[in-house]
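Trainee: Structure in structure tokens, see below.
The values are calculated or read from the model by the stated rules, or taken from the named source; none is laboratory data. Everything numeric here is computed off the predicted structure, so don't read it as measured data. Using ideal geometry, Cβ is built from the backbone for each residue, glycine included, and neighbour counts are taken over all protein chains shown. When the accessible area is computed, the model is the full protein with side chains, heavy atoms only, and any ligands, DNA or RNA have been set aside. Shrake-Rupley method; radii C 1.70, N 1.55, O 1.52, S 1.80 Å.
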Amino acid sequence: MSGQLFVISGASGAGKSTIVKALIDRIKGIGYSISHTSRKPRDSEKDGVDYHFVDTERFKTMIKSGEFLEWAQVYQAFYGTSYSTLDEQRKKGLDVILDVDSQGAGNIREQLENTVLIYVLPPSLEALEKRLRHRGMDDENVIKTRMETAVDEIEMCVKYDYIIINDDLEEAIEKTQAIIISERCRLSRQSAKLKELFNISLGTRTK
Ligand code: ADP
Ligand code: 5GP
């Protein structure tokens with residue numbers, strides 16, 4: 001498999017989907033990995049766009065038949081990244097952004113070491129709660145559960161490569177865009193280009 005993976009995580013309401021949507025519009029050559037979930041769709045969500053919505057039984061069958069690169073139970077529902085979704089993007093030659101929780105990020109990093117992990121934080125817990133309410137897509141119980149787990153989830157940020165504090169949205173988008181573009185310029189990711197343009201091979205210089 002080729003194509004760089006960029007994992008984005010953060011507590012529910014931190015702004016991950018908003019940032020990811022902007023990145024897909026602004027950055028060339030990048031696709032989004034649409035996860036499978038057993039959670040019910042929110043009013044504005046579309047099957048095959050936001051998620052592949054499946055029932056719990058189907059999700060468990062997919063686990064048994066080894067269809068997921070990673071999966072996890074988050075807020076009482078199953079979520080997972082299927083090999084087929086990921087391959088679809090990579091076959092098009094795209095780098096891929098994945099919005100997965102911290103368990104998923106850890107599992108992906110274990111299997112694909114050079115995955116870049118980015119964590120999105122809200123400016124405060126108060127702002128996070130306000131955003132969840134303002135989004136208007138989850139009922140009170142759901143918001144309560146998500147706020148209860150927010151602190152534990154946020155502490156996982158220390159395992160990531162990059163931290164984005166999403167206070168001003170435009171600034172957060174620009175910083176995340178800068179990370180992706182810088183990562184693409186890494187020497188290790190430019191070896192084919194160096195060979196093609198100047199016949200330089202990595203690790204062959206002796207003086
Ligand atoms: P997540 O995907 O992390 O659960 P969303 O992207 O759905 O979060 O964002 C939650 C809500 O907060 C949405 O209504 C979104 O428009 C809003 N939001 C996102 N970023 C900001 C920001 N920087 N300032 C204010 N509101 C924001
Ligand atoms: P939501 O229900 O708000 O869309 O997402 C809930 C949580 O599930 C978020 O933390 C999100 O990052 C995570 N999530 C979404 N898709 C996946 C996935 O494929 N795998 C894992 N491990 N987590 C996911």
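Trainee: Starting from residues that are assigned to a helix (DSSP H, G or I), more than 12 Å from ligand 1 (Cβ to nearest atom) and farther than 15 Å from residue 124 by Cβ, keep the ones in segment 156-173 and report whichever is least open to solvent (accessible area, probe 1.4 Å).
Mentor: The selected residue is 156.
Conditions tested, residue by residue: (1) within 16 Å of ligand 1 (Cβ to nearest atom); (2) closer than 21 Å to residue 41 by Cα; (3) not acidic (Asp, Glu).
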residue: 92; (1), (2), (3): no, no, yes
residue: 104; (1), (2), (3): yes, yes, yes
residue: 107; (1), (2), (3): no, no, yes
residue: 110; (1), (2), (3): no, no, no
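Trainee: Kindly indicate the residue of segment 174-192 that is open to solvent by 70 Å² or more (accessible area, probe 1.4 Å) and among the hydrophobic types (A, V, I, L, M, F, W, C) and also nearest to residue 161 (Cα to Cα) among those meeting that condition.
Mentor: 181
Trainee: Go through (1) closer than 16 Å to residue 180 by Cβ; (2) β-branched (Val, Ile, Thr); (3) more than 10 Å from ligand 1 (Cβ to nearest atom) one by one and return the number of the condition residue 49 breaks.
Mentor: (1)
So that you can scan it fast, the table gives a plain yes or no per residue for (1) at negative phi; (2) in contact with a helix residue (DSSP H, G or I) (Cβ under 9 Å, 6 or more places away or on another chain); (3) of a type in the set (Val, Ile, Thr); (4) open to solvent by less than 70 Å² (accessible area, probe 1.4 Å):
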| site | (1), (2), (3), (4) |
| --- | --- |
| 4 | yes, yes, no, yes |
| 49 | yes, no, yes, no |
| 59 | yes, no, no, yes |
| 73 | yes, yes, no, no |
| 82 | yes, yes, no, yes |
| 87 | yes, no, no, yes |
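Trainee: Also, quick follow-up: Being exposed (fewer than 15 other Cβ atoms within 10 Å of the Cβ) and within 16 Å of ligand 1 (Cβ to nearest atom) is the requirement here; does residue 44 meet it?
Mentor: Against the criterion (exposed (fewer than 15 other Cβ atoms within 10 Å of the Cβ) and within 16 Å of ligand 1 (Cβ to nearest atom)), residue 44 qualifies.
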